[in-house]
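Please read the structure below before turning to the comments.
The values are calculated or read from the model by the stated rules, or taken from the named source; none is laboratory data. Bear in mind the structure is a predicted one, so any value in this text is a computation, not a measurement. Here the Cβ positions follow ideal geometry from the backbone for every residue, glycine too, while neighbour counts run over all protein chains shown. Heavy atoms of the whole protein, side chains included, go into the accessibility calculation; ligands, DNA and RNA do not. Shrake-Rupley method; radii C 1.70, N 1.55, O 1.52, S 1.80 Å.
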Amino acid sequence: MEAAVGVLIVFALVLFVIVAKSIRIVRPYQRGLVERLGKYHATVDPGLRLIFPFVDRILLIDMREQVVDVPPQEVITSDNVVVSVDAVIYYEATDPQRLAYNISNFQLAITKLAQTNLRNVVGDIQLDDALTSRDTINAKLREILDDATDKWGTRVVRVEIQRIDPPPDIVHSMHQQMQPSAPGAQSSPKPKVCARPRSPAPRATSRRPFSKPRASARSRFSKPKARAGRSSASPRPSGPVRSPWPKVRRRRSATSTTRSTTGTRRPI
């Protein structure tokens, strides 16, 4: 009797294990891949599923949208500036069979693929364009990743650039340019630039061109030049040379006074 009870207990345990192995529950956000004897058999939808124990097994694939964080990396732009760029990728599975059998580690693969293409996209533009046109970078990178991951049974929903960090010296110079001046500080006056004075216009003269200038008053009383017939080496005339200037004699008036030896003045 005790032996029969022990056999029943063992049979119940084996039956419970078989039933537990044959019943599988697929969640609403999952898809099940049924493998029979190590070979793909079918794809099942969410719900309660029965399989043959120890023959079939179900591989559950999450069909929800997933997020992959791309770590920061240094990228050289087209104007030779080294910036640090990181991004976030949102993707979802479209074909669970290809996602399970065509790639072993999808998250690692898409991370490396995003880093490579991010370096190519940002390296073709300048720093100013990279800082102001993130939507363009996101669209280009999403299109490239979506085409590359199509054979893996996924769809890249969107790509977002989190940060683009320029070097510290460039950031410091940008802050100095954008920083407003202090309210109490007065800006240094600009030096006044004096216009160069214009030279006065030449006065119009009534002298005819090529006319002989008049002789000055000094030239009238100057010594006459030697005649053409007289030699320039002729000796000078002896005697006092008379000045051409007229002598003016000063006459004393009748009322002028002379100083005596005693110091008193007396009339002349």
Label points 7 Å out from Cα along the Cβ direction at D62 and A4: separation in nm?
-> 5.3 nm
The answer for L60, listing residues at least 5 apart or on another chain whose modeled amide H is closer than 5 Å to its amide H, is L33
Between V157 and L37, what length in nm is gained on full extension when 0.36 nm per residue of separation is reduced by their alpha carbon distance?
-> 39.6 nm
Summing +1 for each Lys or Arg and -1 for each Asp or Glu, what net charge is found among the other residues whose Cβ lies under 15 Å from the Cβ of M63?
-> 0
Förster radius 22 Å - calculated FRET efficiency between S104 and D165 (Cβ-Cβ, nearest 0.05) | 0.10
When the chain is fully extended, how far beyond the present Cα-Cα distance does N80 get from E92, taking 0.36 nm per residue of separation?
-> 0.7 nm
Summed side-chain charge close to D135 - residues other than D135 whose Cβ falls under 13 Å, Lys, Arg +1, Asp, Glu -1 = +1
Heavy-atom accessible area per residue, segment 1-77, 1.4 Å probe: how many Å²?
-> 72 Å²
Env charge @ I170, Cβ radius under 13 Å, K,R +1 / D,E -1, value -4
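Please report the carbon-and-sulfur percent of the accessible area for segment 1-111; probe 1.4 Å, protein heavy atoms only, DNA, RNA and ligands left out. Provide the component values of the computation, followed by the final result.
Details: 4360 of 7110 Å².
C and S fraction of accessible area: 61 percent.
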Taking H as built 1.01 Å from N, whose amide H comes closer than 5 Å to the amide H of H41, not counting residues under 5 places away?
-> V34, E35, R36
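Over segment 112-179, give the accessible area per residue in Å² for a 1.4 Å probe, as an integer.
I get 61 Å² per residue for segment 112-179.
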Select from M178, T149, A130 the residue farthest towards the positive end of the dipole of segment 60-188; place +1 on Cβ of Lys and Arg, -1 on Cβ of Asp and Glu, and compute about the Cα centre.
-> T149
